[in-house]
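Below: one structure, written as structure tokens.
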Amino acid sequence: MRERIITREIRVSAVLNKKTGLMIAYSDDLKGLVVPGRTPEEIEERLPAAVRELLEAAGETVVAVKAVR
């Protein structure tokens, strides 16, 4: 039996706390996704692992996580 591969798009937004300089990325498409960082690049670097962890915790098998701008 062959497994089906399903592509899922998760939109991510980020907000900047001007007082602390910390950015927080979050998504309404993936409950629990919250990734902090000082720069957009730092957040981009951390996002794939955070997304993979949440999806696997929900019982999904993850083949790949990639960012698309």
Filter result for Ala49 (in contact with a helix residue (DSSP H, G or I) (Cβ under 6 Å, 6 or more places away or on another chain), open to solvent by less than 100 Å² (accessible area, probe 1.4 Å), free of Cβ contacts under 8 Å to residues at least 40 places away in the same chain and not acidic (Asp, Glu)): no
(1) assigned to a loop (DSSP other than H, G, I, E, B); (2) loosely packed, with under 11 Cβ neighbours inside 10 Å; (3) not hydrophobic (A, V, I, L, M, F, W, C): which one isn't true of Gly32, the others all being true? (2)
In region 24-63, the residues that are out of contact with any Leu (no Cβ under 9 Å at 6 or more places or on another chain) and of a type in the set (Lys, Arg): Arg46, Arg52
Looking at (1) at pLDDT 95 or above; (2) of a type in the set (Ser, Thr, Tyr); (3) farther than 16 Å from Val68 by Cβ, which one does Ser27 not meet, given that it meets all the others? (3)
Filtering region 52-66 down to residues that are touching a residue at least 12 places away in the same chain (Cβ under 8 Å) and of a type in the set (A, V, I, L, M, F, W, C) yields Leu54, Leu55, Val63, Val65
From (1) loosely packed, with under 10 Cβ neighbours inside 10 Å; (2) free of Cβ contacts under 8 Å to residues at least 12 places away in the same chain; (3) not charged (D, E, K, R), pick out the condition that doesn't hold for Leu16. (1)
Would you call Ile10 surrounded by 10 or more Cβ atoms within 10 Å (Cβ to Cβ), out of contact with any His (no Cβ under 6 Å at 6 or more places or on another chain), on the phi < 0 side of the Ramachandran plot and among the β-branched types (Val, Ile, Thr)? yes
Residues of region 7-42 being of a type in the set (Lys, Arg) and under 14 Å from the mean Cα position of the chain (by Cα), which ones? Arg8, Arg11, Lys31
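The values are calculated or read from the model by the stated rules, or taken from the named source; none is laboratory data. Keep in mind it's a predicted model, so treat the numbers as computed, not measured. Glycine also receives a Cβ, built like all others from the backbone with ideal geometry; neighbour counts cover every protein chain displayed. Accessible surface is based on the protein model in full, side chains and every heavy atom, while ligands, DNA and RNA are left aside. Shrake-Rupley method; radii C 1.70, N 1.55, O 1.52, S 1.80 Å.
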